[in-house]
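The structure appears below as structure tokens.
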């Protein structure tokens, strides 16, 4: 897996390079310190994943990612930042980023990269727990009540979109695995969707 790391703190990029390359399956193809460098590195190196900070002088990580993902909709951008700002989280997801994790959760960086490489979206624990509220507030009017869903169903949709299995959802929400299966079946019926993949797509398109 080839990764480009961009952060305006050069000590951070050096530390991340060391951490990532300690894992035998990861190669840091390049490092940068600005949004403009991120664009140039991505275009020239074509990494599997761009791991990038958000707040940088000049072109922000969000702005850079939006440009790159318009050019390459299949591209994988994972944001790594110290800021769990609601506006940033919503913007990151709307432009098609594959995840948003906090630097404080440093032990989750390598697993997050693996998940993104495998096609999942990932969020740090502190971000994931706030997603239902963010979606209710910033979802272009399509809040879950208007869709005929209740709070528990919406929480399950969030977890499905986050890539969790039924067993993992059950553990997170203190339900039995059978109850989770029943909820998902009911949700698919209500939304006239075929499977979990369509449910995840619905979730990310709904705001």
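Along each principal axis, taking the top coordinate minus the bottom one, the Cα set of the chain gives 48, 35, 27 Å in descending order.
One decimal place: the segment residue 147-residue 94 gains 17.1 nm when fully extended, by the rule 0.36 nm per residue minus the C-alpha distance. Counting only alpha carbon atoms, the long axis of helix 151-161 and the longest principal axis of the chain meet at about 40°. For the chain, calculate the relative contact order in percent as a whole number, restricting contacts to Cα pairs under 8 Å that are 6 or more residues apart. Averaging sequence separation for qualifying contacts and normalising by length gives 14 percent for the chain. Axis angle, to the nearest 10 degrees, between helix 196-205 and the longest C-alpha principal axis of the chain: 70 degrees. Neighbour counting of Cβ atoms within 10 Å sorts the residues 176, 15, fewest neighbours leading, into 176, 15. The simple Förster model, with R0 at 30 Å and r as the Cβ-Cβ distance, assigns residue 72 and residue 19 a FRET efficiency of 0.70. Rounded to the nearest 10 degrees, what's the angle between the helix 61-71 long axis and the longest principal axis of the chain, both from Cα atoms, 0 to 90? That helix lies at roughly 80 degrees to the long axis.
Taking other C-beta atoms within 10 angstrom as a stand-in for reagent exposure, 91, 103 fall in the order 103, 91, fewest first.
Relative to the current alpha-carbon distance between residue 40 and residue 193, full extension at 0.36 nm per residue lengthens the span by 51.1 nm. Highest mobility in the GNM of the chain, judged by mean-square fluctuation with C-alpha springs under 10 Å and restricted to 53, 63, 23, is found for 23.
Values quoted throughout were computed directly from the atomic coordinates according to the rules given, and no laboratory measurement underlies them. These numbers come from a predicted model, not from an experiment. Quick reminder, even Gly has a Cβ in these numbers, built from the backbone with ideal geometry, and neighbours come from all protein chains shown.
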